[in-house]
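*Asks:* Before I ask anything, here is the structure I am working with.
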Amino acid sequence: MKFSIVATATAILSTSSAHGGVGVYTVGTTAYQGWQPYNSASGQSSIQRQYATFNPLLIADLTTVNIRCNNAGDLGTGPIGAVSAGATLKAKWTQWTHRPAAVMIYMAKCPSSGCNSWDGAGKVWFKIAHAGLISGTQNAGKWAGDQITDTLEWVVTLPASLAAGDYLVRHELLALHQANNPQFYPECAQFTVTGSGTISPDATYLVSFPGAYSASDPGIAFNIDSDAAKTATTYPIPGPAVWNGSESTAPTQPDPPAAPTTLATSVVSAPTTAPPATCSVKKYDQCGGKTYTGCATFSLLGIVDDLPCLCNGIGRV
Ligand SMILES: *[C@@H]1O[C@H](CO)[C@@H](O)[C@H](O)[C@H]1NC(C)=O
């Protein structure tokens, strides 16, 4: 009896300590203290939107405003961080969270009136990064969230082309350790993005919170203990495609285009790999043959035969 009481108390403790939230954001050498949910709200001001607890949001919260920034639509409390487009932003969680988990990072551009007076409503959020299952199977593999469990940190690079302006940045952990009971841990913070970027994602990348996720999304209606999860080696991360900073397509036309449109930035010529001018194969090492794929420029006349050969480093011996 005594044992079971101790065991229960331990289980409760370990459950609550396996919840968390982003506590500090760092840009270069500047650290921005996040909201401190267990301190009095009165007198606190932070670049981060206030939230009340490290506890997760659950499927029932997907249709509520809470899924946006882990609060009831609270506004900003004053400060705003600064980060350049193309720079890195490091988030540090206050305490470790469950594994396995997916990591997702979204942004939304604040209106011209600024971030403080804006709650992030509307189809305005775009995803700048996400990571789920890294290797192995869903059930036993390595997940992106493992890194946060181990180091408490996650670094994201902002798209270099991102238009300058004020934004909300939403970090989210999606813990998947319980079958069919995903846990969402979102927090938002406000930043002025500086730089010469001018690009914003087009509407196909934008989602709203609530709205972005549905309880039936395959990554949300998810059972880590299922037979399928013991063999599957990919995980369908919920939410929209990641926007990588590519320029929008031309203004959308009322009629469906006859052929797939090509994004402007996809017209990037692949780097051409010129063969090395001279062969650097060591003397007497293999430099040809049917299965050989290395340097074979020993053949000064451009002839590669199917017999093993020896090189003297300059030409054929
Ligand atoms: C960025 O996304 C666009 C649209 O999906 C794609 O065409 C392009 O190849 C991507 N660029 C990079 C560098 O991944």
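The values are calculated or read from the model by the stated rules, or taken from the named source; none is laboratory data. Being a predicted model, the structure only gives us computed values, none of them experimental. A quick note on method: Cβ atoms are made from the backbone with ideal geometry, for glycine too, and the neighbour counts reach across all protein chains shown. SASA here: full protein model, heavy atoms, side chains in, ligands and nucleic acids out. Shrake-Rupley method; radii C 1.70, N 1.55, O 1.52, S 1.80 Å.
*Asks:* What distance in nm separates the simple spin-label points at residue 90 and residue 55, each placed 7 Å from Cα in the Cβ direction?
*Replies:* Going by the 7 Å Cα→Cβ label model, 3.3 nm.
*Asks:* Specify whether the C-alpha gyration tensor of the range 146-195 places it in the rounded, prolate or oblate class, a ≥ b ≥ c being the square roots of the eigenvalues: rounded for a/c under 1.5, otherwise prolate if a/b is larger than b/c and oblate if not.
*Replies:* Because a/c hits 1.5 or more and a/b exceeds b/c, the range 146-195 counts as prolate.
*Asks:* Report the calculated FRET efficiency for residue 64 and residue 247 (r = Cβ-Cβ distance, R0 = 35 Å), to the nearest 0.05.
*Replies:* Using R0 = 35 Å, I get an efficiency of 0.50.
*Asks:* Ok, one more. Taking R0 as 30 Å, what FRET efficiency do you get between residue 217 and residue 24 from their Cβ-Cβ distance, rounded to the nearest 0.05?
*Replies:* 0.50
*Asks:* Leaving ligands, DNA and RNA out of it, report the carbon-plus-sulfur percent of the accessible area of the range 18-230 at a 1.4 Å probe.
*Replies:* Summing carbon and sulfur atoms, their accessible area is 52 percent of the total for the range 18-230.
*Asks:* Moving on to the next point. What pairs from 92/123; 142/230; 92/230 go past 23 Å between their alpha carbons?
*Replies:* Checking Cα-Cα distances, 92/123; 92/230 exceed 23 Å.
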